[in-house]
Amino acid sequence: MTPPPEPLVVAPVLLPLATAALLLGLGGRRRRLRAVLGVGSAVLGLTLVAALALRLHAEPLPLAYAVHLPGNWPAPFGIVLVADHLSALMALLAGSVGLAALLFALARWQHAGVHFHPLFQLQLAGLYGAFLTGDLFNLFVFFEVLLAASYALLLHASGLARVRAGLHYIAVNLAASLLFLVGVAVLYGVTGTLNMADIARVLPSVPAGDRGLLHAGAAILAVAFLAKAAAWPLGWWLPAAYSAASAPAAALFAILTKVGVYALLRLWTLWFPPAAGASAGFGGVALVWGGLATLGFAALGMLASQQLGRLAAYGVVASSGTVLAALGFGAPALTGGALYYLASSTLAACLLFLLVEPLERARQVELGPQDFDDGNAALPAFFDAKPAPSINLDDDEQALIGRAFPAALAFLGIAFVVCALVVAGLPPLSGFVGKLAMLQALLPLATPAAAVMFVLLLGSGLLAALALVRAGMRHFWSAGERPPPRLRLAEGAPIAALALVLLALAAQGGPLLEYTQATARALHEPARYIEAVLGARPRERAPEPVS
């Protein structure tokens, strides 16, 4: 059997860690070099996870890599990194969101603090590690790495609003981390292992007297993940924190809640499948109704939001609630549609956070006509045709036909429409494809919970559409005499790239939906994952030369 490509599994984690160390060594010097190293590392990391996803698509067996340590312990005692369809999908999302946010930060936000680039790389390392690790202890380690970096990125550039929201964010996540440790300790006491696949192997044989303790440990662990996923009522901190963060930090944070969602996807399907005996389906009802409550709360929050940043934050919460509710039903077809929706909604949330700053900047900054276009800060107008005299005048007796339409505003408007269609789940873009797949999967279930989710998916889309239309009218239709927004190339490029990716998701909806459906089937049938992890062996050490 051909050995797995170990560098391809472990490289996405090691690359940003090495880049962060190098950037810290440079300190505050060589600003351009730090930017080049940061972007180059993000591009290479995204390339690595894309290659990993393609490898798994061609050969769908999970790839497990046992890290070589001095003890050379095999699984389940050694450290194991695992790549399957789900982890590759999540890592690909993390790399895409990270690269877009980093490119946007080159315009100005990278200069707001000396250690922006090292923190960004540590955030990426934590994300890649959390999606690829195969044991609970290292999942906790990578959680703390990404959270420590997110604390600093949330407070990046300071400000009273960021400090206040950041303190709440830190307090909630520290409490969740404590629960994480308690849950891990209880599970280790019951099962004697921290390897996630090994826990799945021994879980059916846990004595009946320890079954309650096992469920308690799993429930405590789930509460920690639900808090990180911003599930209701544990997600009250997210709208204030994400809307207060800088644009690139908030865009990167669009994937952070999905780390909690990923952990629940992975562990619930791994530990409590139908073959788990007395524990089969444990907690599924709580996931369904908790996810539905989160979705309803987020839809109302979007409708009530007056700021675009808070609206985007509630969109992140709605995405988490949708996937959690779909997971709890235990139906592969529904989970597959939810995974497709997760991918498109995460990219759309990232795009919406990047749109907030240029749009709000135009509302808050008054510029003179002579300051509008310096050839670098804004895009040129689409046309400069002169209007015919005395026709179609507005209230100020200015001609409406032929008025130059700023390209920056048009560009942002098109990106906003793409984003709004995806977030609201309207045709013909990818949000509609994901919701339609979930609606079709809900019809055969014929349960009260399925009916409630069916109605909520439609109702939340309607409320999101109303909220986004209102926001669009405020920023584009009723712009008044505000100057057109300024947009630098470093800001426009990631916005355009994300919009194009969302369009591509819709154009390739069939193949991508097949991929997520295959991912869901593998999740709900975890035997191959368990076999791949427990069969991982570190490389044999070369024999020492005889003296």
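Within segment 115-169, the only residue that satisfies the criterion of being in a strand (DSSP E or B) and among the β-branched types (Val, Ile, Thr) is THR133.
Kindly list the number of the only condition in (1) crowded, with 21+ Cβ neighbours inside 10 Å; (2) over 20 Å from ALA286 (Cβ atoms); (3) hydrophobic (A, V, I, L, M, F, W, C); (4) within 18 Å of the chain's Cα centre (by Cα) that fails for ALA197. Unmet for ALA197, out of (1) crowded, with 21+ Cβ neighbours inside 10 Å; (2) over 20 Å from ALA286 (Cβ atoms); (3) hydrophobic (A, V, I, L, M, F, W, C); (4) within 18 Å of the chain's Cα centre (by Cα): (4).
For segment 135-165, a residue qualifies if it is surrounded by fewer than 21 Cβ atoms within 10 Å (Cβ to Cβ) and among the small types (Gly, Ala, Ser), and the qualifying residues are ALA148, ALA152, ALA157, SER158, GLY159, ALA161. Every test in (1) buried (at least 21 other Cβ atoms within 10 Å of the Cβ); (2) at pLDDT below 90; (3) of a type outside the set (Phe, Trp, Tyr) is passed by HIS168 save one, and that test is (1).
Of all residues in segment 12-61, those satisfying the criterion of being within 22 Å of ALA490 (Cα to Cα) and either in contact with an Asp or Glu (Cβ under 9 Å, 6 or more places away or on another chain) or without any contact (Cβ under 8 Å) to a residue 24 or more places away in the chain (or both) are ARG29, ARG30, ARG32, LEU33, VAL36, GLY40, THR47. Restricting attention to segment 211-222, does a residue exist that is touching a Lys or Arg at 6+ places or on another chain (Cβ under 8 Å), modelled with pLDDT under 90 and not in a loop (DSSP other than H, G, I, E, B)? Among the residues of segment 211-222, not one is touching a Lys or Arg at 6+ places or on another chain (Cβ under 8 Å), modelled with pLDDT under 90 and not in a loop (DSSP other than H, G, I, E, B), which makes the answer no. Tell me, which residue of segment 223-256 that is within 29 Å of ALA88 (Cβ to Cβ) and surrounded by fewer than 24 Cβ atoms within 10 Å (Cβ to Cβ) is modelled with the highest pLDDT? Result: VAL223. Could you tell me whether any residue of segment 64-76 is under 27 Å from PHE137 (Cβ atoms), surrounded by 13 or more Cβ atoms within 10 Å (Cβ to Cβ) and modelled with pLDDT of 70 or more? So far as segment 64-76 goes, no, none of its residues is under 27 Å from PHE137 (Cβ atoms), surrounded by 13 or more Cβ atoms within 10 Å (Cβ to Cβ) and modelled with pLDDT of 70 or more. Considering ALA231, ALA227, ALA247, the condition of being without any contact (Cβ under 8 Å) to a residue 60 or more places away in the chain and over 20 Å from MET196 (Cα atoms) is satisfied by ALA227 alone.
For segment 262-278, the condition holds for no residue, the condition being that it is of a type in the set (A, V, I, L, M) and within 25 Å of ALA504 (Cα to Cα). For first residues located in segment 198-212 and acidic (Asp, Glu), partners that are surrounded by 13 or more Cβ atoms within 10 Å (Cβ to Cβ) and lie 6+ apart or on another chain with Cβ distances below 8 Å form the pairs ASP198/ALA75; ASP198/PRO76; ASP198/THR191; ASP198/VAL533; ASP198/LEU534; ASP210/VAL190. Of all the residues in segment 426-461, those that are under 16 Å from VAL501 (Cα atoms) and either part of a helix (DSSP H, G or I) or in contact with a Lys or Arg (Cβ under 9 Å, 6 or more places away or on another chain) (or both) number 5.
For the subset of segment 200-217 comprising residues that are within 20 Å of TYR529 (Cα to Cα) and small (Gly, Ala, Ser), which member is nearest to the chain's Cα centre (by Cα)? The extreme case among them is ALA200.
Could you list all residues from segment 177-194 that are touching a Phe, Trp or Tyr at 6+ places or on another chain (Cβ under 8 Å) and buried (at least 19 other Cβ atoms within 10 Å of the Cβ)? Within segment 177-194, PHE180, VAL184, LEU194 qualify. Taking helices (runs of 4 or more DSSP H) as the structural unit, those lying wholly within segment 229-323 and holding at least 1 residues that are over 30 Å from GLU360 (Cβ atoms) correspond to 257-271, 284-304. Cβ-Cβ distances below 7 Å connect the following pairs, each with a first residue in segment 333-348 that is closer than 14 Å to GLY315 by Cβ, a second residue that is surrounded by fewer than 24 Cβ atoms within 10 Å (Cβ to Cβ) and of a type in the set (Gly, Ala, Ser), and a separation of six or more residues or different chains: LEU347/SER96.
The values are calculated or read from the model by the stated rules, or taken from the named source; none is laboratory data. For clarity, every value in this text was computed on a predicted model and none was experimentally measured. Glycine gets a Cβ as well: all are built from the backbone with ideal geometry, and neighbour counts include every protein chain shown.
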